[in-house]
Amino acid sequence: MKKIICISAVSFLLSACTTMSPDLAIPILQADTSKMLGLGSSDEITVTNVSMSKPDALGSQVISYRATTDKGRILDCEAHVIPGLPLQEPTVSTPTCKPVKTYNK
């Protein structure tokens, strides 16, 4: 009987892990991408085409998006969203970006 209660408690706690919607991830991605690019402010970058993969077995997801700077640089970026434990916020890893277009000419 104790095993059933313990297994139920652990299952309940793991099911309560918090996740993040793409709308909540955009400001974090915008700030992290602007820092990575050495921009003065996150206002100098626009994040579009945000999509999230299906969660893996541990609940982690890959979020992909397109970042466009005010100067016309376009980058395709990815980051990982790791679900938080109960009462903790999910975390977003530092994004990795690949340039699509360098500058407007």
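The values are calculated or read from the model by the stated rules, or taken from the named source; none is laboratory data. Bear in mind that the values here come from a model prediction, so they are computed numbers and not experimental data. Here the Cβ positions follow ideal geometry from the backbone for every residue, glycine too, while neighbour counts run over all protein chains shown. Ligands, DNA and RNA are excluded from the accessible area calculation, which covers all protein heavy atoms including side chains. Shrake-Rupley method; radii C 1.70, N 1.55, O 1.52, S 1.80 Å.
Brief remarks follow.
- Qualifying residue in segment 1-18 (condition: at negative phi, touching an Asp or Glu at 6+ places or on another chain (Cβ under 9 Å) and modelled with pLDDT of 70 or more): no
- Residues within segment 87-105 that are open to solvent by 50 Å² or more (accessible area, probe 1.4 Å), under 18 Å from the mean Cα position of the chain (by Cα) and of a type outside the set (S, T, N, Q), tallied: 2
- Cβ-Cβ distances below 6 Å connect the following pairs, each with a first residue in segment 49-60 that is assigned to a strand (DSSP E or B), a second residue that is of a type in the set (A, V, I, L, M), and a separation of six or more residues or different chains: Met52/Ile63.
- When the criteria are applied in full, Pro86 fails the requirement of being touching a residue at least 60 places away in the same chain (Cβ under 8 Å) and within 17 Å of Asp32 (Cβ to Cβ).
- Summed over segment 26-61, the residues that are closer than 18 Å to Ser93 by Cβ and touching a strand residue (DSSP E or B) at 6+ places or on another chain (Cβ under 6 Å) give a count of 15.
- Exclusive hit being in a strand (DSSP E or B) and not hydrophobic (A, V, I, L, M, F, W, C), set Thr46, Thr33: Thr46
- Candidates Asp76, Asp70, filtered to the one that is surrounded by fewer than 13 Cβ atoms within 10 Å (Cβ to Cβ), farther than 17 Å from Ser21 by Cα and in contact (Cβ under 8 Å) with a residue 24 or more places away in the chain: Asp70
- Matching option when the condition is at positive phi, of a type outside the set (Phe, Trp, Tyr) and open to solvent by less than 50 Å² (accessible area, probe 1.4 Å), among Gly38, Gly59, Gly84: Gly59
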